[in-house]
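To start, the structure itself, in structure tokens.
No value in this document is a laboratory result; all are computed from the given coordinates. Being a predicted model, the structure only gives us computed values, none of them experimental. Cβ placement follows ideal geometry from the backbone for every residue including glycine, while neighbour counts extend to all protein chains displayed.
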Amino acid sequence: MAGKLWANYSYILVFFGLALMASIYFILQMGGGVSYHSIEVQDGDTLWTIAEEYSSDSSMSTDEFIKWVGERNNLSTYTISAGDSLVLPVEKKLGINGDYQYVMNEE
């Protein structure tokens, strides 16, 4: 009985199996990464002015924000220059109206 069932419906079972595996793969890929906001440093910017501007958009204090930016951007000192690109602990803008999704403390 099982052999006859398999012979008649094997293509459907294989299709559903592949569809299930593909769905699981895409769910795992989508949920795994966070895309952070990136900025270009302007004249007169410092880590502290950037932290004051953006730290309210995350759950970090100014000091935590500066430490995170320094570590994630591989800064050897806290000196930045105009034209530098920095990744900030604020998720990229999403949607039509430009709303942010904010990053919570991960560590």
Table column - 3J(HN,Hα) (Hz), segment 60-65, Karplus curve with 6.51, -1.76, 1.60, x for Gly and Pro
9, 6, 4, 5, 4, 4
Can you compute 3J(HN,Hα) from phi for each residue in segment 36-50, using the Karplus curve 6.51 cos²θ - 1.76 cosθ + 1.60 with θ = phi - 60°, rounded to whole Hz and x for Gly and Pro?
7, 6, 10, 10, 9, 5, 9, 4, x, 6, 10, 4, 6, 5, 5
Could you order peptides 50-62, 68-80 by the average number of other Cβ atoms within 10 Å of their residues, highest first?
50-62, 68-80
Taking H as built 1.01 Å from N, whose amide H comes closer than 5 Å to the amide H of V90, not counting residues under 5 places away?
H37
Looking at segment 1-86, I'd like the Rg to Rh ratio, where Rg is from alpha-carbon atoms and Rh is Kirkwood's inverse mean 1/r.
1.46
